[in-house]
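Scroll down for the structure; my scribbles are underneath it.
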Amino acid sequence: MTYPGNARSWKRFFNSTGGHNWERSGNWMSEKPLGEWYGVDTDNSGSVFRLSLNGNNLSGPLPQQMGNLTELRILSLSNNKLRGQIPPELGSLVRLEYLALGGNEFSGIIPRELGQLTRLNKLDLGRNNLTGSIPASLGELVRMETLSLAGNNLTGIVPAELGNLLYLGTFFLSGNQLFGELPEEFTSLNQLFHFEFEQNLGLCAPLGADFQDWLTGVQNAQGPNCSPDQAISPPLQDIPSERDVLVAFYNSTGGRGWRNQENWLSNLPLNQWYGVRTDGRGHVRELQLASNKLDGRLPADLGHLPHLAHLQLRDNRLTGSIPAELGHASRLRTLNLSSNNLTSFVPPQLSNLQMLVSINFRGNQLTGPIPPELGSLSRLGELNLSDNSLSGPIPRELGNLPQLGYLYLEETNLAGTIPPELGNLAKLTQLSLSGNTLTGRIPAQLGNLSNLTILNLERNELTGPIPSSLGNLSQLQVLRLHDNQLNGPIPAELENLSELYHLFLYENQLRGNIPPELGNLASLLSLKVQNNQLSGPIPPELGNLPRLVLLDLA
């Protein structure tokens, strides 16, 4: 039997969502025109513009192939039993104006890719089991009129970027685990008439006159005002003072044995305690105790420092797990726990820290997978998890980090393939995945990383050819692909890497001739291609390399 339209996508959707158990499925999987299938509407050209199957007993996950239905303008699947993650591929439905997935059992994070649906005027994701933070990319949906995220398990602060939704009339945030003050940018939402933000973990309206004047103008607003002394962190029972947190930290990390413990536990102001910096109001802003012989576990109370922006504890002897409670320190910008003896998992709660620009956990004994939730950290510029004992694949969600400049995942037991989504990291300058057990091909999409200066993929189990698209990396200085199982020829396109000074391709299964075009790499210092299956003469053009100091062709 043949099906009309995008046959594979329709069949996958029907089977994945339990089509044989739908309450109504008239003409589905028949040879009749799509417009005669239940819940499907087509335009005059026969293209499907509406799929509406609300309350129809759909169950199971939405397949990735939904992203192929690019003519859709309305997708309404509310009040079913759909589960699993919302596919990021829905971000390909750029004609979509109405997306309703509320009242299902979806879990995982809200895909950042939904921010690509710039024609969207209604988005309903309410009444699911979604976690993680609200992606700032939703602020790109400038035509939005109705936005419902209520009744989930969303955490973190509300992104200020949602203040860009100037046509928003209805906005539901209630029934989550959001905290902190609503952004001042919301005062630009002059069309808003129905706004619910109650039943969260401390989400509240600022007391400033401008915000309160705006909120009074919202016809139906339901949610609490902040109390005068309310911090940005979520309300926790018996929150200790910041001094108490530091005392607990001192005791838990063997303070008496520190290299420098000047003024700790004294009655002097906290900013006179060694390694502690405070802001103008005396709140702890930085804790800088690198190489100070800290020995012991990190206390959960660290999450009760609501103004902490920088936590620098590298090169100590810290043990135990990274406290999930750090996910409450919502102003944290840099987190460096490298070169310690920390164990257990990387907490997914770190995805709440939407101000984070740097995570460095290099050189510990962390285990388990990399949390895909980290892909929601829209400001993150550096992620370093090298030299640990992690497992599982590289999450494709890491390709959602628009500010990421440095990604280091060396020597950390990762398996699976290199996600092609990493090719979306437009600001990436250094990518190092060496010393894992990665398999499959090098994605051609890595050739999109126009700012890349270092690409280290050595000592894995990569196969297939070297993509010719790597010749597009005009800023590349170091290319290490050695000790894999790569085959095929050395691409002549590598001649375009005018800034390259190290090219290591040895210990593979490369075939064919050494391209004479490599003689155009005027900056090259090192060229190693030994222990392959190369043939033919040595190109005399290699004698034109003016800076070459190391050449191994054996």
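When P235, P240 are checked against the criterion of being at pLDDT below 95, in contact with a Gly (Cβ under 6 Å, 6 or more places away or on another chain), assigned to a loop (DSSP other than H, G, I, E, B) and surrounded by fewer than 16 Cβ atoms within 10 Å (Cβ to Cβ), P235 stands alone in meeting it. With respect to L446, is the statement that it is crowded, with 23+ Cβ neighbours inside 10 Å, without any contact (Cβ under 8 Å) to a residue 40 or more places away in the chain and not in a loop (DSSP other than H, G, I, E, B) true? Criteria not met by L446. With respect to the conditions (1) over 28 Å from the mean Cα position of the chain (by Cα); (2) in contact (Cβ under 8 Å) with a residue 24 or more places away in the chain, E161 lacks only one, and its number is (1). Applying a threshold of 8 Å to beta carbon distances and a minimum spacing of six or more residues, or different chains, the list of pairs starting in region 297-318 at a residue that is of a type in the set (G, A, S) and ending at one that is in a strand (DSSP E or B) reads A309/R285; A309/E286; A309/T334. Each residue in region 449-467 was checked for being surrounded by fewer than 16 Cβ atoms within 10 Å (Cβ to Cβ) and outside any strand (DSSP E or B), and 3 pass. Selection of region 436-458 for residues being among the charged types (D, E, K, R) and farther than 16 Å from G416 by Cβ yields only E458. Across region 417-437, what is the number of residues that are surrounded by 16 or more Cβ atoms within 10 Å (Cβ to Cβ) and more than 19 Å from L401 (Cβ to Cβ)? Counting residues in region 417-437 that are surrounded by 16 or more Cβ atoms within 10 Å (Cβ to Cβ) and more than 19 Å from L401 (Cβ to Cβ) gives 3. Show the residue pairs that are 6+ apart or on different chains and have beta-carbon atoms under 6 Å apart, the first residue being within region 465-487 and under 19 Å from N436 (Cα atoms), the second being of a type in the set (K, R). Cβ pairs passing all conditions: D483/R459.
Residues being part of a helix (DSSP H, G or I), surrounded by fewer than 18 Cβ atoms within 10 Å (Cβ to Cβ) and touching a Ser or Thr at 6+ places or on another chain (Cβ under 6 Å) are represented in region 45-66 by at least one member.
Scan region 131-155 for residues that are free of Cβ contacts under 8 Å to residues at least 40 places away in the same chain and outside any loop (DSSP other than H, G, I, E, B) and the total you get is 5. Filtered by the rule that a residue be under 31 Å from the mean Cα position of the chain (by Cα), in a loop (DSSP other than H, G, I, E, B) and crowded, with 19+ Cβ neighbours inside 10 Å, region 469-504 gives L473, L476, L481, H482, D483, N484, L497, L500. Which one of these is assigned by TED's automatic domain parsing to the domain that holds A522, in a strand (DSSP E or B) and either over 18 Å from N508 (Cβ atoms) or of a type in the set (A, V, I, L, M) (or both): L422, L431? Answer to the check: L431.
Within region 491-512, can one find any residue that is touching a residue at least 24 places away in the same chain (Cβ under 8 Å), among the basic types (K, R) and farther than 18 Å from G435 by Cα? Scanning region 491-512 turns up at least one residue that is touching a residue at least 24 places away in the same chain (Cβ under 8 Å), among the basic types (K, R) and farther than 18 Å from G435 by Cα. Tallying residues that are surrounded by fewer than 19 Cβ atoms within 10 Å (Cβ to Cβ) and closer than 13 Å to V245 by Cα within region 268-285 yields 2. Taking the criterion of being over 12 Å from the mean Cα position of the chain (by Cα) and aliphatic (A, V, I, L, M), would at least one residue in region 385-397 satisfy it? Scanning region 385-397, I find at least one residue that is over 12 Å from the mean Cα position of the chain (by Cα) and aliphatic (A, V, I, L, M), so the answer is yes. In this structure, F106 does satisfy being under 25 Å from P395 (Cβ atoms) and either in a loop (DSSP other than H, G, I, E, B) or modelled with pLDDT of 90 or more (or both).
Checked against the criterion of being in a loop (DSSP other than H, G, I, E, B) and basic (K, R), region 32-44 contains one or more residues that satisfy it. Just one of the listed residues (E113, E89, E36, E140) is over 30 Å from L374 (Cβ atoms), assigned by TED's automatic domain parsing to the domain that holds N153 and not small (G, A, S), and it is E36. Of L75, L96, all but one fail to be out of contact with any Gly (no Cβ under 6 Å at 6 or more places or on another chain), assigned to a loop (DSSP other than H, G, I, E, B) and more than 21 Å from G175 (Cβ to Cβ); the exception is L96.
In region 131-147, is there at least one residue being within 23 Å of the chain's Cα centre (by Cα), on the phi < 0 side of the Ramachandran plot and surrounded by fewer than 17 Cβ atoms within 10 Å (Cβ to Cβ)? Checked region 131-147: at least one residue is within 23 Å of the chain's Cα centre (by Cα), on the phi < 0 side of the Ramachandran plot and surrounded by fewer than 17 Cβ atoms within 10 Å (Cβ to Cβ).
For every residue, the table says whether it meets (1) touching a Gly at 6+ places or on another chain (Cβ under 9 Å); (2) touching a residue at least 40 places away in the same chain (Cβ under 8 Å); (3) among the hydrophobic types (A, V, I, L, M, F, W, C); (4) surrounded by fewer than 20 Cβ atoms within 10 Å (Cβ to Cβ).
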site	(1), (2), (3), (4)
N341	yes, no, no, yes
S344	yes, no, no, yes
M355	no, yes, yes, yes
F361	no, no, yes, no
N364	no, no, no, no
S376	yes, yes, no, no
L383	no, no, yes, no
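Within region 13-39, being in contact with a strand residue (DSSP E or B) (Cβ under 6 Å, 6 or more places away or on another chain) and under 21 Å from N79 (Cβ atoms) holds for S16, T17, G18, G39.
Scanning region 156-167 for residues that are part of a loop (DSSP other than H, G, I, E, B) and either closer than 19 Å to C204 by Cα or of a type in the set (F, W, Y) (or both), we see that the one that is modelled with the lowest pLDDT is I157. Residue selection: E23 fails the criterion of being among the charged types (D, E, K, R), in a loop (DSSP other than H, G, I, E, B) and either crowded, with 16+ Cβ neighbours inside 10 Å or touching a Leu at 6+ places or on another chain (Cβ under 6 Å) (or both).
The values are calculated or read from the model by the stated rules, or taken from the named source; none is laboratory data. Predicted model only: the values in this text are computed from it and were never measured. We place every Cβ from the backbone using ideal geometry, glycine too, and count neighbours over all the protein chains shown.
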